[in-house]
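One structure below.
Bear in mind these aren't lab numbers, they're just calculated from the coordinates by the rules spelled out. Predicted model, so just to flag it, every value in this text is computed and none were measured. Virtual Cβ from ideal backbone geometry, glycine too; neighbours counted across all protein chains shown.
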């Protein structure tokens, strides 16, 4: 900082006190046209001026770059329907195998489940070769079919054993 009472060098630039306004660096020469002022936003509550619509330029897709991932297919334009996807067959044989296995398990306790269990196993193996996408259905049908046959065999063995013991006890009297 310099002393304000000290004599100043005539070659040095004058110093302005702090807080004084700085004049603009460049002013237009006298007589030059003055540019119009920047548009001000409308006052609070004033209606907004309508904006004219801008024409949309059609956009051309950019050519793919080397090594770039392939772009997703563009969505259809307005009025163009989507192309239908491939028709998938419903896994009828696999579903029938599953239903046959369930009925076979329940029916095994009432001595008619063996037929449904055999049907579930056969339909499950056919579904395995014709409908590989429905693995859960045909695999469950095959497993339930075999379980139903095992339950049916155990139920038949139990009934035969009970009837044999009752018959032997009746003959002893």
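Here, the stretch 76-173 yields an orientationally averaged convex hull projection of 8.0 nm² when only Cα atoms define the hull. The stretch 86-100 and the stretch 103-173 have their alpha-carbon centroids 22 Å apart. Highest average first, the peptides 94-102, 143-151 ordered by how many other beta carbon atoms sit within 10 Å of their residues are 94-102, 143-151.
Quick one: order 131, 152 by neighbouring beta-carbon count within 10 Å, fewest to most. Don't jump to the answer; show the numbers that get you there.
Details: 131 19, 152 24.
By the 10 Å Cβ count, ascending, the order reads 131, 152.
With the simple model of a label 7 Å out from the Cα in the direction of the Cβ, residue 125 to residue 38 spans 8.5 nm.
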